[in-house]
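For reference, the structure discussed in these notes is given below.
The values are calculated or read from the model by the stated rules, or taken from the named source; none is laboratory data. No experiment lies behind these values; they were computed from the predicted model shown. Cβ: placed from backbone, ideal geometry, glycine included. Neighbour counts: every protein chain shown.
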Amino acid sequence: MKLFDLFFLIRPALLCASCVFFFAGAVSAARPGSGAYPFGFMLRTVPNLILFVLVTSWAFVVNQITDVKSDRVNRKTYILPSGKVTIPESLVVLVLTGVLAVIFSLHRDVTLRYLVWAGLALGLAYSLRPVRLKGRPVGDLLANVVAFGVIGFAMGWLVFADIGIDLLFRSLPYSLAMAAIFLNTCIPDEEGDRVAGDRTSCVVFGRVVASRAALVLLVLSAVCAFVVGETLCGLAVLGSMAAFVAVAAEPVHENSVVASQFSTRLLFVLVSVKAPLLGLLGVASYVAAKVYYAKRFGLDYPNLKGAEEGRTPSPSP
């Protein structure tokens with residue numbers, strides 16, 4: 001079971017959700033006239049996708065190592081707070097993902113290599129002190145936007161096109177959407193972040209400001225999406241608008257979770273229509289996480305409600 005614990009430390013389901021931005025970049029660069037890309041055509045993304053997964057896994061593991069305290073309060077991830085994986089074991093996973101990312105990047109073109117290195121550096125800066133962008137208002141927001149809306153999108157884009165001004169324009173609506181989603185996800189984590197001493201955007205500005213800023217960013221994302229021709233992003237944003245309005249009207253935990261999950265899933269489905277490989281990976285990771293959390297913790301993933309509801313996992317040894 002230990003191998004499964006170590007594997008789920010990289011949070012495969014969340015990884016697949018993050019891959020939406022990678023595949024959005026790939027789809028945007030290839031620009032089909034209509035319909036989906038053939039499955040085999042999207043296999044061309046695999047080398048870059050592996051690098052993106054390694055970089056993102058690195059960032060997720062760093063974050064869990066540094067956030068054991070707040071994750072325990074917020075009842076998130078469970079693997080480290082419960083002691084199923086120890087800190088030394090998680091460091092092995094961290095080193096492995098980082099080393100593999102660097103080695104594989106050396107065999108890719110220079111632009112992709114720099115993106116990988118920037119992603120690894122950002123993963124450290126986001127979680128580690130003294131920088132710890134996660135604990136800095138606006139810094140936490142910008143870090144997530146750059147990581148997924150810029151670096152993730154660009155790594156997918158480079159599969160089919162060269163870097164250029166088109167990349168900046170077409171990534172903009174996704175970056176704004178990422179910013180809106182991130183601000184919403186901060187709301188449920190506010191209590192744990194306060195306990196951990198992290199001055200996140202939500203902690204500093206409050207839920208009301210964060211939720212309304214998220215709504216404004218979502219509107220800007222919709223406008224940009226249709227201006228630059230990113231229809232997938234525009235449709236996802238418009239479909240999510242009502243949920244974000246509900247959060248802005250009443251910024252409570254339940255509304256935030258519904259809005260965040262609905263918006264990310266809608267974008268995931270729309271991008272998967274164009275890139276079926278993403279859909280396949282998403283289904284596989286969802287089923288695996290569902291089984292793992294049920295067997296290991298008695299939890300109903302992704303709701304994380306079940307046998308352990310109402311009690312915090314025991315501390316790591």
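A quick yes/no check of all residues on (1) within 18 Å of F169 (Cα to Cα); (2) of a type in the set (K, R); (3) touching a Gly at 6+ places or on another chain (Cβ under 7 Å):
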site	(1), (2), (3)
L220	yes, no, no
A225	yes, no, yes
V228	yes, no, no
A242	no, no, no
A249	no, no, no
V258	no, no, no
S263	no, no, no
L266	no, no, yes
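From the list F169, F153, the lone residue that is over 20 Å from V269 (Cβ atoms), assigned to a helix (DSSP H, G or I) and aromatic (F, W, Y) is F169.
Scanning the range 77-112 for residues that are in a helix (DSSP H, G or I), in contact with a Leu (Cβ under 7 Å, 6 or more places away or on another chain) and surrounded by 14 or more Cβ atoms within 10 Å (Cβ to Cβ) turns up E89, S90, V93, T97, G98, L100, A101, F104, S105, L112.
Test V73 against the stated conditions and say whether it is modelled with pLDDT of 80 or more and in a helix (DSSP H, G or I).
Values: modelled with pLDDT of 80 or more: no; in a helix (DSSP H, G or I): yes.
Here the answer is no, as V73 does not meet what is asked.
Number of residues in the range 146-168 that are under 12 Å from the mean Cα position of the chain (by Cα) and surrounded by fewer than 20 Cβ atoms within 10 Å (Cβ to Cβ) equals 1. Only a single criterion out of (1) without any contact (Cβ under 8 Å) to a residue 12 or more places away in the chain; (2) under 20 Å from M1 (Cβ atoms) is not satisfied by L91, namely (1). Here P188 meets the list (1) closer than 22 Å to Y286 by Cα; (2) in a helix (DSSP H, G or I); (3) in contact (Cβ under 8 Å) with a residue 40 or more places away in the chain; (4) not aliphatic (A, V, I, L, M) almost entirely, failing just condition (2).
Residue-wise test of (1) under 20 Å from R265 (Cα atoms); (2) part of a loop (DSSP other than H, G, I, E, B); (3) not aliphatic (A, V, I, L, M).
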| site | (1), (2), (3) |
| --- | --- |
| R194 | no, no, yes |
| V203 | no, no, no |
| V209 | no, no, no |
| R212 | no, no, yes |
| L215 | yes, no, no |
| V223 | no, no, no |
| V227 | no, no, no |
